[in-house]
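Peer 1: Sharing a structure below in structure tokens format, with a few things to ask.
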Amino acid sequence: MLPPDPIDDELTYHREQLKQERLAQGDSPTTADAYARRRLGNPLRIQEDVRAVHPLAALDTLFRHVRFAGRSFLRHGGSYLLATAILALGIGLSVAMFSLVEAVVFAPLPYPQQANIHLVWKYDTQTAAHVVGELAYPELADLRANTNEIAKVALIPAALYGNGRVLQTGTNDPVQIESCPTTADLFQVLGIAPALGRDFTAVDEAAGAPSVVILSHSVWREHFNANPQVIGQTTRLNGVAHTVIGVMPPTVDFPRGTGLWLPLRADARRGTTWLLAVVRTPSAVSPQALHAAAERTFQVQVADHLKEYSRTQHAVVTPLPEYLTGSSRPQLLLALIASVLLLLSACVSASNLFLSRSFVRRKEVATRTALGASTFQILAQFTVEGLLAATIATAAGSLLAVILIRLLILAAPADIPRIAAAGLSPAALAFAAVTAFLATLACILGPALLLRPSHARTSQRLQATFVFAQTALTVAILAVGLLIAVSYQAMLRTDTGFANRETLTMNLALRGPQVDPASRRRFYFDLLTRLRAAPEVASAAAVLLRPFEGPVGWDSDYSFEFEGGQRDPHLLTKANFEVITPQYFNTVGTALLVGRDFTENDAEGSERVLIISQSLAARAKAAGYDPIGQRLRVHGAWRKVVGIVADSRYRRVVEKADDLYVPYRQANPPTNYLVLRGPAPPAELLALVRRTLKSIDPAQAIAGEATLGQMIERNTARSRFNVWILLLFASGALLLAAAGIHSVIRESVAVRSREIAIKNALGATRTRLVAEAISGALLVVVLGELAGLAGALHLGRGAADLLYGVSAADPGVLLAVAVLVFTIAAVASFVPAWLASGQDPRTGLQAE
Amino acid sequence: MPRPTPSADLLQGTLNMLILQVLSRGKANGYEIAKLIETRSSEALQVDHGSLYPALRRLEQNGWLTAAWELSATNRKARYYALTPAGRKQVDIEHTRWRAAVLAVTRVMRPA
């Protein structure tokens with residue numbers, strides 16, 4: 001603020017002198033006063049001009065605008081505060097969502113030239129489901145032959161589970177640590193050298209080479225006290241001595257969750273498919289070129305190795321960031337779109353509120369214009385008011401975003417990578433700045449349009465546009481939210497085939513140099529016998545891979561004997577393969593429909609047997625055979641079907657598959673997971689398992705204990721998170737839309753109160769008055785709904801992967817949304833119209 | 001709102017000069033300055049009293065004037081403006097400039 005200018009006193013003196021002059025000439029005091037005022041001119045204008053002379057005048061003007069805006073905020077407080085709060089909420093939600101998306105999806109990975117890193121795997125068009133097709137070790141050489149397209153390539157397991165190593169340091173209890181066997185070039189593909197020690201070399205892969213290990217930064221910190229002398233030390237993994245050759249920097253977390261990297265030993269078998277290729281291309285090579293090269297390689301494989309490969313196999317190339325974010329990407333993007341729609345809706349609301357306020361203030365504007373304020377000055381005033389509101393809203397919104405980000409991270413399912421790193425990054429702040437700009441525009445637009453000569457009609461048209469836009473946005477958000485919610489409900493209702501949700505499951509993969517199939521069978525028989533004898537346990541069993549452990553499993557080829565003759569050798573039929581102990585079905589709650597469960601008598605020497613799922617049985621029946629007693633070829637051996645169990649879902653709640661079960665005494669693949677349930681709660685069962693395990697083999701460790709219910713929960717957690725977010729946004733949008741149309745109708749009846757009063761006095765019925773007042777707006781609502789539904793359909797189709805048990809065009813959902821939004825709009829507009837039409841005509845006529 | 005009359009507009013640029021000239025005879029307040037210009041020009045020049053003050057502020061900022069509250073002849077408090085040494089120099093500059101301008105205009109306006 002500038003020092004006060006003496007201009008007022010000067011002008012008073014000047015005016016007095018002019019008056020005196022006229023009085024001396026004999027004028028009346030009134031005439032003299034009028035003369036003096038006329039002669040001197042508009043004091044406000046002079047004040048303005050005098051102030052404008054000052055070098056700091058521009059700043060001063062701004063300051064006065066802000067002060068005026070502040071005063072006008074206080075005077076018209078309610079509406080402006082509401083508009084600012086709505087904006088802050090919209091900004092807060094969208095900035096928070098943006099920060100999450102930025103951290104998970106957009107933030108660059110720590111790997112140099114990450115755009116050149118890709119995952120290469122296979123997709124079999126025949127299996128149709130989302131199966132991650134895997135590679136075998138010899139395919140490394142096949143891929144390497146593409147020297148033009150592939151600079152470096154390494155193989156990693158498609159899934160880490162099953163590769164854990166038991167680490168025992170000092171006197172601590174043994175712990176299972178996620179481990180990644182890999183070929184030598186992995187870290188060269190990633191472009192990161194170890195922080196300590198050396199990288200793998202091809203020599204480490206050779207059979208009989210000394211066992212070596214590279215530690216992750218966190219394992220080095222937690223289990224080796226961050227000892228820099230660790231390189232060259234020997235540590236025991238699965239009871240075998242390994243030399244520590246390197247420690248990776250903390251930035252490297254690939255594959256996600258890896259604690260130890262070990263050399264992947266060469267294996268010539270092409271049938272052992274459990275790997276993915278990680279590839280670094282030369283800079284000039286496009287992903288398309290890489291895809292073409294991989295596709296060529298895989299087609300050559302079919303020609304060269306008839307038995308191992310299917311003609312329907314195709315190459316899939318996934319960019320590294322996409323592989324890491326996986327399915328959380330579309331979900332987060334959808335939530336971000338919804339939050340931006342909500343932000344737009346908030347901007348529309350704020351603009352609407354500012355417009356109606358300025359409508360109320362048009363008298364003030366008229367007065368100020370009469371007092372000499374130019375259009376530019378008034379516009380400047382509105383701009384400053386809008387800026388003030390937008391600035392407060394942005395600041396408050398950013399603060400809200402910081403809190404929301406923390407809350408969202410807490411609420412988010414654990415398997416969304418990098419989400420914990422989310423915060424108000426520079427990119428998020430830039431996003432906030434854009435939203436602030438939008439918000440400012442929203443605040444200025446309405447009032448500014450009122451300065452135009454035909455403002456009454458402009459503002460009506462503008463308000464209709466607002467109602468239209470807001471309805472469309474609301475319908476779009478609500479419809480998508482509802483589709484996701486219906487999908488989630490469908491997931492919850494899905495019969496996974498596991499009735500005993502309280503059954504405790506855990507990883508108990510036996511580790512150690514002495515472990516072989518025979519000793520494993522003895523161990524499990526011993527453990528299960530002891531557990532079953534305990535009073536806490538109702539039933540216990542073991543399985544190769546527990547339900548919902550991950551998207552990758554032991555998918556095996558199979559063929560029915562009766563199909564044998566006709567089968568195209570290039571078309572492989574695959575099913576989920578499980579190795580189980582007796583009592584497994586009883587423990588997890590999968591119904592045995594026909595035939596019998598396995599017993600301990602289904603042993604090595606006896607007839608090879610098999611239990612199949614209902615869907616597989618249906619296939620045999622469709623071909624005209626009774627499945628029981630049929631023979632199936634699995635893993636190269638013929639087995640007789642002795643039982644049929646209900647269908648279960650092992651990979652994902654939303655994914656069906658056929659299942660094959662083999663008794664543990666007749667299979668080489670290990671049983672790696674223990675399942676048990678009992679009258680005792682899971683915590684007691686866990687303690688019992690720990691005690692029993694210690695007495696049998698204290699060198700073994702259990703990991704990943706969870707009940708089946710928790711496993712199912714985790715599998716659907718992302719959808720639940722998404723439903724929460726989307727429904728939160730949708731209810732926000734609904735509220736804004738209701739408030740929006742309510743205020744539009746309230747104003748239109750206020751402006752037309754005289755007209756309504758006259759009609760009322762002339763005998764118009766209340767129903768007719770209400771209908772007149774709201775029919776126009778409701779027509780706009782219907783149009784907005786149509787636009788919104790079109791948008792929702794589009795959005796839903798784009799997010800089809802996230803829908804389950806419902807289609808984007810589900811008429812029930814879309815109709816429900818349309819009816820709900822229309823009903824709310826109708827009620828929101830009916831109330832003010834009904835109140836206005838019921839007024840005493842006299843009140844309305846005397847109002848102005 | 002009516003803007004200044006055309007005659008005052010014409011004088012817009014010369015108002016500063018007139019103020020300085022009036023003040024070169026001694027200090028005066030705003031009203032007196034306006035009146036002095038009007039009487040000296042035999043009422044030919046009508047000063048827009050309102051535009052006097054922004055002009056005064058401008059001159060003050062250039063360091064040509066100082067202002068102080070004093071008692072007027074009618075024994076009332078008025079703000080009196082006086083030339084500074086820089087202001088006196090400016091009066092000479094304005095004189096030269098004015099004479100040159102008048103000469104130029106006279107030459108142009110001389111009957112052919």
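The values are calculated or read from the model by the stated rules, or taken from the named source; none is laboratory data. As the structure is a prediction and not an experimental result, all values here were calculated from the model. FYI the Cβ positions are ideal-geometry reconstructions off the backbone, even for glycines, and counts take in every protein chain you see.
Peer 1: Filter the range A:261-303 down to residues that are of a type outside the set (Asp, Glu) and not in a loop (DSSP other than H, G, I, E, B), then give me how many there are. Give the steps one after another, and end with the answer.
Peer 2: Filtering the range A:261-303 for residues of a type outside the set (Asp, Glu) gives A:261-266, A:268-294, A:296-303.
Then keep just the ones that are not in a loop (DSSP other than H, G, I, E, B); that gives A:261-263, A:275-280, A:287-294, A:296-303.
Within the range A:261-303, residues that are of a type outside the set (Asp, Glu) and not in a loop (DSSP other than H, G, I, E, B) number 25.
Peer 1: Still on this model: Does B:ARG99 fit the bill of being in a helix (DSSP H, G or I), charged (D, E, K, R) and more than 10 Å from chain A (Cβ to nearest Cβ)? Step through it out loud before you land on a result.
Peer 2: Numbers: in a helix (DSSP H, G or I): yes; charged (D, E, K, R): yes; more than 10 Å from chain A (Cβ to nearest Cβ): yes.
Yes, satisfied.
Peer 1: Next question, about the same structure. Here's a check for you: in the range A:616-655, which residue that is within 38 Å of the chain's Cα centre (by Cα) and within 16 Å of A:SER556 (Cα to Cα) is surrounded by the fewest Cβ atoms within 10 Å (Cβ to Cβ)?
Peer 2: A:ARG649
Peer 1: What's the number of the condition A:ALA420 fails, among (1) over 18 Å from the mean Cα position of the chain (by Cα); (2) surrounded by fewer than 21 Cβ atoms within 10 Å (Cβ to Cβ); (3) modelled with pLDDT under 85?
Peer 2: So the condition that A:ALA420 fails would be (1).
Peer 1: Yes or no: the range A:729-744 includes at least one residue that is outside any helix (DSSP H, G or I), at pLDDT below 85 and surrounded by 16 or more Cβ atoms within 10 Å (Cβ to Cβ). I'd like the intermediate steps shown before the answer.
Peer 2: At the first step, the residues of the range A:729-744 found to be outside any helix (DSSP H, G or I) are none.
Taking every residue of the range A:729-744 in turn, none turns out to be outside any helix (DSSP H, G or I), at pLDDT below 85 and surrounded by 16 or more Cβ atoms within 10 Å (Cβ to Cβ).
Peer 1: Which condition from (1) touching a Gly at 6+ places or on another chain (Cβ under 9 Å); (2) of a type in the set (A, V, I, L, M, F, W, C); (3) surrounded by fewer than 16 Cβ atoms within 10 Å (Cβ to Cβ) is the one that A:PHE200 breaks?
Peer 2: Going through (1) touching a Gly at 6+ places or on another chain (Cβ under 9 Å); (2) of a type in the set (A, V, I, L, M, F, W, C); (3) surrounded by fewer than 16 Cβ atoms within 10 Å (Cβ to Cβ) one by one, A:PHE200 breaks only (3).
Peer 1: Those residues that are out of contact with any Asp or Glu (no Cβ under 7 Å at 6 or more places or on another chain), facing chain A (nearest Cβ under 10 Å) and among the polar types (S, T, N, Q), I need them from the range B:43-66; list them, please.
Peer 2: B:SER51, B:GLN61
Peer 1: At pLDDT 85 or above, assigned to a strand (DSSP E or B), farther than 20 Å from A:ASN163 by Cβ and among the aromatic types (Phe, Trp, Tyr) - does that describe any residue in the range A:663-677?
Peer 2: No, the range A:663-677 contains no residue that is at pLDDT 85 or above, assigned to a strand (DSSP E or B), farther than 20 Å from A:ASN163 by Cβ and among the aromatic types (Phe, Trp, Tyr).
Peer 1: Can you tell me which of A:ARG368, A:ARG311 is more than 30 Å from A:ALA472 (Cα to Cα), in contact with a helix residue (DSSP H, G or I) (Cβ under 9 Å, 6 or more places away or on another chain), part of a helix (DSSP H, G or I) and charged (D, E, K, R)? Give the steps one after another, and end with the answer.
Peer 2: Details: A:ARG311 fails: part of a helix (DSSP H, G or I).
Among A:ARG368, A:ARG311, only A:ARG368 is more than 30 Å from A:ALA472 (Cα to Cα), in contact with a helix residue (DSSP H, G or I) (Cβ under 9 Å, 6 or more places away or on another chain), part of a helix (DSSP H, G or I) and charged (D, E, K, R).
Peer 1: If A:PHE359 passes every condition in (1) farther than 14 Å from A:ALA448 by Cβ; (2) at pLDDT below 80 but one, which one does it miss?
Peer 2: (1)
Peer 1: Where residues in the range B:10-37 are outside any helix (DSSP H, G or I) and closer than 13 Å to B:ARG88 by Cα, which of them is farthest from the other protein chains (Cβ to nearest Cβ)?
Peer 2: Among those that are outside any helix (DSSP H, G or I) and closer than 13 Å to B:ARG88 by Cα, it is B:SER24.
Peer 1: Related question: Please enumerate the residues belonging to the range A:2-43 that are within 12 Å of chain B (Cβ to nearest Cβ) and among the polar types (S, T, N, Q).
Peer 2: A:THR12, A:GLN17, A:GLN20, A:ASN42
Peer 1: Regarding the range A:427-440, can at least one residue be identified that is in contact with a Gly (Cβ under 7 Å, 6 or more places away or on another chain) and at pLDDT below 80?
Peer 2: yes
Peer 1: Look through A:GLY605, A:GLY553 and report the one residue that is over 19 Å from A:GLU705 (Cα atoms), modelled with pLDDT under 90, part of a loop (DSSP other than H, G, I, E, B) and of a type in the set (Gly, Ala, Ser). Step through it out loud before you land on a result.
Peer 2: On the way: A:GLY553 fails: over 19 Å from A:GLU705 (Cα atoms).
The conditions single out A:GLY605.
Peer 1: What are the residues in the range B:67-93 that are more than 13 Å from chain A (Cβ to nearest Cβ) and surrounded by fewer than 20 Cβ atoms within 10 Å (Cβ to Cβ), if any? Step through it out loud before you land on a result.
Peer 2: Residues of the range B:67-93 more than 13 Å from chain A (Cβ to nearest Cβ): B:82-93.
Result: B:ALA82, B:THR84, B:PRO85, B:ALA86, B:ARG88, B:LYS89, B:VAL91, B:ASP92, B:ILE93.
Peer 1: Quick one: which residue in A:GLY446, A:GLY397 is modelled with pLDDT under 75, surrounded by 15 or more Cβ atoms within 10 Å (Cβ to Cβ) and under 36 Å from the mean Cα position of the chain (by Cα)? Explain how you work it out, then say what you get.
Peer 2: Working: A:GLY397 fails: modelled with pLDDT under 75.
Every option except A:GLY446 fails the conditions.
Peer 1: Can I ask one more? Evaluate the following for B:ARG40: is it more than 14 Å from every other protein chain (Cβ to nearest Cβ), within 14 Å of B:MET17 (Cβ to Cβ) and surrounded by fewer than 20 Cβ atoms within 10 Å (Cβ to Cβ)? Spell out how you get there, then give the answer.
Peer 2: Numbers: more than 14 Å from every other protein chain (Cβ to nearest Cβ): yes; within 14 Å of B:MET17 (Cβ to Cβ): yes; surrounded by fewer than 20 Cβ atoms within 10 Å (Cβ to Cβ): yes.
It is true that B:ARG40 is more than 14 Å from every other protein chain (Cβ to nearest Cβ), within 14 Å of B:MET17 (Cβ to Cβ) and surrounded by fewer than 20 Cβ atoms within 10 Å (Cβ to Cβ).
Peer 1: Of everything in the range A:228-260 that's outside any loop (DSSP other than H, G, I, E, B) and under 17 Å from A:PRO174 (Cβ atoms), which residue is nearest to the chain's Cα centre (by Cα)?
Peer 2: Looking only at the range A:228-260, we keep the residues that are outside any loop (DSSP other than H, G, I, E, B), and these are A:228-230, A:234-237, A:240-247, A:260.
Imposing the further condition that a residue be under 17 Å from A:PRO174 (Cβ atoms) reduces the set to A:234-237, A:240-242, A:260.
On the way: A:THR234: 43, A:THR235: 40, A:ARG236: 40, A:LEU237: 37, A:VAL240: 42, A:ALA241: 42, A:HIS242: 40, A:LEU260: 29 Å.
Among residues in the range A:228-260 that are outside any loop (DSSP other than H, G, I, E, B) and under 17 Å from A:PRO174 (Cβ atoms), the one nearest to the chain's Cα centre (by Cα) is A:LEU260.
Peer 1: Could you say which residue among B:LEU20, B:LEU56 is surrounded by 19 or more Cβ atoms within 10 Å (Cβ to Cβ) and over 19 Å from A:ARG15 (Cβ atoms)? Outline the logic, then answer.
Peer 2: Details: B:LEU56 fails: over 19 Å from A:ARG15 (Cβ atoms).
Answer to the check: B:LEU20.
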